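Encoded as structure tokens, the structure appears first; notes follow it.
Bear in mind that the values in this text are calculations on the coordinates, not laboratory data. Since this is a predicted model, take the numbers as computed values, not measurements. A quick note on method: Cβ atoms are made from the backbone with ideal geometry, for glycine too, and the neighbour counts reach across all protein chains shown.
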Amino acid sequence: LVEPAPARLAGRHDALALLHRHWLLANEARRQLVFVSGEPGIGKTAVADAFTEQMHAIASGAVIGRGQCLE
């Protein structure tokens with residue numbers, strides 16, 4: 001079901017798998033709210049981008065909302 005993480009996301013398989021598990025729960029009408037947080041530069045945006053790309057590939061009808069925190 002879940003495509004492997006792109007090479008640029010080495011070591012991020014667990015994070016992507018967690019996002020996919022939450023998506024599966026949401027797909028069963030179980031509300032989910034997930035935050036991707038951490039120190040600057042650790043790859044949060046890359047993980048979110050990879051997850052979004054995978055969702056477009058496997059869930060063409062999905063509507064994806066995304067926010068960003070700026071100082």
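Over the chain, the Kirkwood radius and the radius of gyration, each from Cα atoms, give a ratio Rg/Rh of 0.95. Under the simplified labelling scheme, the Ala62-Val36 pair shows an inter-label distance of 1.1 nm, with each label point 7 Å from Cα along Cα→Cβ.
Magnitude of the charge dipole for the chain, about its Cα centre and with charges confined to Cβ atoms of Lys, Arg (+1) and Asp, Glu (-1), is about 160 debye. Rounded to the nearest 500, the helix-only mean residue ellipticity at 222 nm of the chain stands at -14000 deg cm²/dmol, with each DSSP H run of n ≥ 4 adding -39,500 (n - 2.57).
The longest stretch of the chain left intact once loop-based trypsin sites (Lys or Arg not before Pro) with at most 16 other Cβ atoms within 10 Å are removed from consideration, loops following DSSP, is 32-65.
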